[in-house]
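Please read the structure below before turning to the comments.
Throughout, read-outs are computed from the coordinates displayed, never taken from laboratory work. Source: prediction; values computed, not measured. Please note: Cβ atoms are built from the backbone with ideal geometry, for glycine as well, and neighbour counts cover all protein chains shown.
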Amino acid sequence: MKVRFIKKCTDTPTKRMMEIGDVIDVDDERGCLLIEKGYAAEEVTRIPIFLSYPRPHQKTQAKFLDAMKKDLLNKTNLYPRTLGVTDFYQEPPLIAISKIMSECCGLLIVALKQTLIVRGEFRANGDNDLESFSIENKWITSPFCHVEPAMALQISLPVFILRDKDVIQDGVLDNGVVGAYISKVDLSSSANDYFQSQEWNQLLEKWAAQVREFAEKRESEL
C-alpha cells in the first residue's frame, strides 16, 4: 500500500521522520494502522499542475509557499511542478515552461512582490489626452507571472492566481482578464489563517474540480 503522510510521524518501518506530504510504500497492515491513527492517507493518483512564483526573497514569502504546498497536498490530489525546483531543463526558460505545461492539467500562479518602485510615473511624458499619474512605494511581480497565464490559456489550462496585496493590480493580475477571480493575499498575516479561510477553500475546490475535469478529458482523448 502507498500512503501519504498528513502529520509528522516516526512510526514507520525505518523509524525515519516522515514530513507532511511524504509518500512511502508499506505493507497493507502497517498502512491501515497509519491511516487509522490519522498519520497518513492512502495515496491516490496525483494530477500534475504547474506551480509558478518568483523566487522568494523574504521569509514571509517562503513560509507562505511552504504552507500552500502542504495545504495542496492535504486537500487535493494535485501534484505541483515548478521549473528549477521539481523540473530542470537545459533549454531556454520559455521552452522549458511550455514543455512542463504540456504535461500539466492546470496552472497556479503566486504573484509575490519582487521589484519595488520607490517613485515613478505611469505614462510619463505623455503628450496627448491620456491620463498619467505618479506611483510611489508600489511593488511589481515577476514578468513570468503575466506571461505564463497567457501561455496556459492558449492550451485551455484552468488558471488560478494568488496576488500579494502589495503587488500592482495590472496585466493578467487585473480581475476579469483571465476570466477567473484573483485572490488577494496578505503575507503580513498568518499563512495558516488564509489557508483556513472560506475564500481559499472555495476557490481551491472550484479550480481543482476544473483541473480534474481537464485531466479526464485529456485521458479520454489519448
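For segment 166-183, putting each phi into the Karplus relation 6.51 cos²θ - 1.76 cosθ + 1.60 with θ = phi - 60° gives couplings of 8, 8, 4, 8, 9, x, 6, 7, 7, 4, x, 5, 9, x, 9, 5, 9, 7 Hz, in residue order, rounded to whole numbers and with x for Gly and Pro.
Fully extending the segment from residue 16 to residue 59 would add 12.7 nm, taking 0.36 nm per residue of separation and subtracting the current Cα-Cα distance. By the beta-carbon count within 10 Å of each Cβ, the least crowded to most crowded order of 16, 212, fewest first, is 16, 212. Close amide-amide hydrogen proximity is noted between residue 163 and 111, 183, 184, 185, each under 5 Å apart and 5 or more residues distant or on a separate chain (H modeled in the peptide plane; Pro and chain starts excluded).
Scalar couplings 3J(HN,Hα) for segment 50-61, obtained by applying the Karplus form with A = 6.51, B = -1.76, C = 1.60 to θ = phi - 60°, are 8, 10, 10, 6, x, 4, x, 10, 10, 4, 5, 5 Hz; x denotes Gly and Pro. Helix 144-154: angle to the longest alpha-carbon principal axis of the chain, degrees 0 to 90, nearest 10? On a 0 to 90 degree scale, this one is about 70. Loop-resident GluC sites (Glu not before Pro) (DSSP state other than H, G, I, E or B) in segment 23-105 with no more than 12 further Cβ atoms inside 10 Å of their Cβ: 103. From the backbone phi of segment 29-38, what are the Karplus-calculated ³J(HN,Hα) couplings (6.51 cos²θ - 1.76 cosθ + 1.60, θ = phi - 60°) in whole Hz, Gly and Pro given as x? With the stated coefficients, segment 29-38 comes to 5, 5, x, 5, 5, 5, 5, 4, 6, x Hz. Taking Cα centre as origin and charging only the Cβ of basic (Lys, Arg, +1) and acidic (Asp, Glu, -1) residues, the dipole magnitude of segment 96-222 rounds to 240 debye. Of the trypsin sites (Lys or Arg not before Pro) in segment 54-126, the ones in a loop by DSSP (not H, G, I, E or B) with at most 11 other beta carbons within 10 Å are 123. The chymotrypsin sites (Phe, Trp or Tyr not before Pro) of segment 123-222 that DSSP puts in a loop, and whose beta carbon has at most 16 other beta carbons within 10 Å, are 181.
Distance between the 7 Å Cα→Cβ label points at residue 29 and residue 169: 5.9 nm. A Förster radius of 22 Å combined with the Cβ-Cβ distance from residue 91 to residue 153 puts the calculated FRET efficiency at roughly 0.50.
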